Structure formats: C-alpha cells, structure tokens
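J.: Here it is, the structure in full.
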Amino acid sequence: MSRENVHEKAIRYLAEGRIRIRLCNEHDAEIDADVRGLGAVYSTGRNADGWHCDCPARTIDCAHVIALRIVTAFEPRDAIR
C-alpha cells in the first residue's frame, strides 16, 4: 500500500468533513477556517499576505491549505464583468 500524497490527503479531509469555515470575506479575499488534521485542529486561511496555516509544515503546500483552496474561489469582481 502506498502512502497518500498531499493532494489525496486534502481530498480525504474534504470527504471526511474536516473543514470548518469561520470567516469568508469575498470582497477582501479573506478566509479563516479550522482544519482537523491528524490529532490537532489547525488555523488555516488567506489574508492580504496570502495563504497560511499554523500546522508544523508551515507551508501553503500543506494538505490543510490545499483542502481549503479546493473549496474556495476568489475572483476580483471587476475581472468577472
């Protein structure tokens, strides 16, 4: 059995309902969420500085951020017109 990669883990987190969105501000492209990982809940989101997560990986390539990005779409309103 092979180990799941980060994208597979993110999909599993979604399927298992491990994301709780606390704040979603489309106008400012900000989102804050809790993502339950393996044994802990991590604060994940996006703000003016970009995507973030407080998990030990400390990278935007972690499964928590990837899972949140899968269910998030921020588009500037002017670009949609």
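The values are calculated or read from the model by the stated rules, or taken from the named source; none is laboratory data. Keep in mind that this is a model prediction, so the values were computed, not measured. Every residue, glycine as well, gets a Cβ built from its backbone with ideal geometry; the counts of neighbours run over all protein chains shown. Accessible surface areas use protein heavy atoms only, side chains included; no ligands, DNA or RNA. Shrake-Rupley method; radii C 1.70, N 1.55, O 1.52, S 1.80 Å.
J.: Can you find a residue in region 37-44 that is touching a residue at least 12 places away in the same chain (Cβ under 8 Å), over 12 Å from the mean Cα position of the chain (by Cα) and open to solvent by 50 Å² or more (accessible area, probe 1.4 Å)?
T.: No, every residue in region 37-44 fails to be touching a residue at least 12 places away in the same chain (Cβ under 8 Å), over 12 Å from the mean Cα position of the chain (by Cα) and open to solvent by 50 Å² or more (accessible area, probe 1.4 Å).
J.: Across region 28-49, what is the number of residues that are among the charged types (D, E, K, R), modelled with pLDDT of 95 or more and touching an Asp or Glu at 6+ places or on another chain (Cβ under 9 Å)?
T.: Narrowing region 28-49 to residues among the charged types (D, E, K, R): 28, 30, 32, 34, 36, 46, 49.
From what's left, modelled with pLDDT of 95 or more: 32, 34, 36.
This time we only want the ones that are touching an Asp or Glu at 6+ places or on another chain (Cβ under 9 Å), so: 36.
Here the count works out to 1.
J.: Residues being in a loop (DSSP other than H, G, I, E, B) and either in contact with an Asp or Glu (Cβ under 6 Å, 6 or more places away or on another chain) or modelled with pLDDT of 90 or more (or both): count how many of those fall in region 50-60.
T.: Total satisfying the criteria: 3.
J.: Then there's this: Go through region 1-21 and report how many residues are assigned to a loop (DSSP other than H, G, I, E, B) and under 15 Å from residue 61 (Cβ atoms).
T.: 2
J.: Looking at region 22-39, which of its residues are part of a strand (DSSP E or B) and closer than 12 Å to residue 64 by Cα?
T.: Within region 22-39, 32, 33, 34, 35, 36 meet the criteria.
J.: If you don't mind, there's one more thing I want to ask. Considering only residues that are touching a Phe, Trp or Tyr at 6+ places or on another chain (Cβ under 8 Å) and not hydrophobic (A, V, I, L, M, F, W, C), look in region 46-74 and name the one that is surrounded by the most Cβ atoms within 10 Å (Cβ to Cβ).
T.: For region 46-74, the residue satisfying everything is 64.
J.: Restricting to region 9-27, count the residues that are modelled with pLDDT of 95 or more and open to solvent by 80 Å² or more (accessible area, probe 1.4 Å).
T.: So the answer is 6.
J.: Six or more apart or on different chains, Cβ atoms under 9 Å: show the pairs whose first residue is in region 15-27 and of a type in the set (A, V, I, L, M, F, W, C) and whose second is open to solvent by 80 Å² or more (accessible area, probe 1.4 Å) and assigned to a strand (DSSP E or B).
T.: 19/36
J.: Against the condition β-branched (Val, Ile, Thr) and in a strand (DSSP E or B), how does residue 44 come out, does it pass?
T.: yes
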